[in-house]
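Let me begin by presenting the structure, written as structure tokens, before commenting on it.
The values are calculated or read from the model by the stated rules, or taken from the named source; none is laboratory data. Just so it is clear, the model here is predicted, and its values are computed rather than measured. Here the Cβ positions follow ideal geometry from the backbone for every residue, glycine too, while neighbour counts run over all protein chains shown. Each accessible area value is taken on the protein alone, full model and side chains, heavy atoms only, with ligands, DNA and RNA left out. Shrake-Rupley method; radii C 1.70, N 1.55, O 1.52, S 1.80 Å.
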Amino acid sequence: MLSGGERALTSIALLFAISQVHPPPFIILDETDAALDESNSRKYGDMVEALAKHSQLILITHNRETMSRAGILYGVTMGGDGVSKLLSVKFDEAVATAK
């Protein structure tokens with residue numbers, strides 16, 4: 001009787017556990033956190049940080065909690081002229097610039 005988010009988190013935990021045994025050089029995760037609520041997103045973020053110690057990660061997400069744990073964010077935005085632009089933000093540089 002698990003919720004959708006709990007089932008997703010259980011599946012993700014199994015994948016992460018397998019990755020801990022034999023860490024691959026990099027992992028790409030696409031919207032694996034979409035079904036998670038705020039509480040489970042924090043748990044997911046903790047697992048991602050642990051996994052990032054052994055592998056490079058590329059995460060595709062819209063989840064604020066997951067994005068807050070990233071070192072660099074890449075995104076695509078569209079201006080009023082309808083032209084897409086790529087952007088990247090390094091959190092360390094952004095904090096230094098903000099000060």
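Here is how the numbers come out for the structure above:
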quantity	calculated
Gain on full stretching of the segment that runs from ALA94 to ALA34 - 0.36 nm per residue minus C-alpha separation	19.0 nm
Convex hull projection area averaged over all views, the chain, Cα basis, nm²	8.4 nm²
Listed residues LEU9, SER19, LEU36: farthest to the positive end of the dipole of the chain (Cβ charges)	SER19
From phi via Karplus (6.51, -1.76, 1.60), per-residue ³J(HN,Hα) for region 30-41 in Hz, x at Gly/Pro	10, 6, 5, 9, 5, 8, 8, 7, 4, 5, 6, 5
5 angstrom amide H check on ILE27, placed H, neighbours 5+ away	GLN56, LEU57, ILE58
Selected from VAL83, VAL48, VAL21 as most flexible by GNM, with the chain as the system and alpha-carbon contacts under 10 Å	VAL83
On Cα atoms only, tilt of 4-21 relative to the major axis of the chain in degrees	80 degrees
Count of Lys pairs (Cα-Cα under 27 Å; at least 8 positions apart or interchain) in the chain	5
Sparse-neighbour loop sites [GluC sites (Glu not before Pro); region 4-82; at most 16 other C-beta within 10 Å; DSSP]	GLU31
Size of electric dipole in the chain: Cβ of Lys, Arg +1 and of Asp, Glu -1, about Cα centre, debye, nearest 20	200 debye
Å² per residue, accessible surface of the chain at 1.4 Å	73 Å²
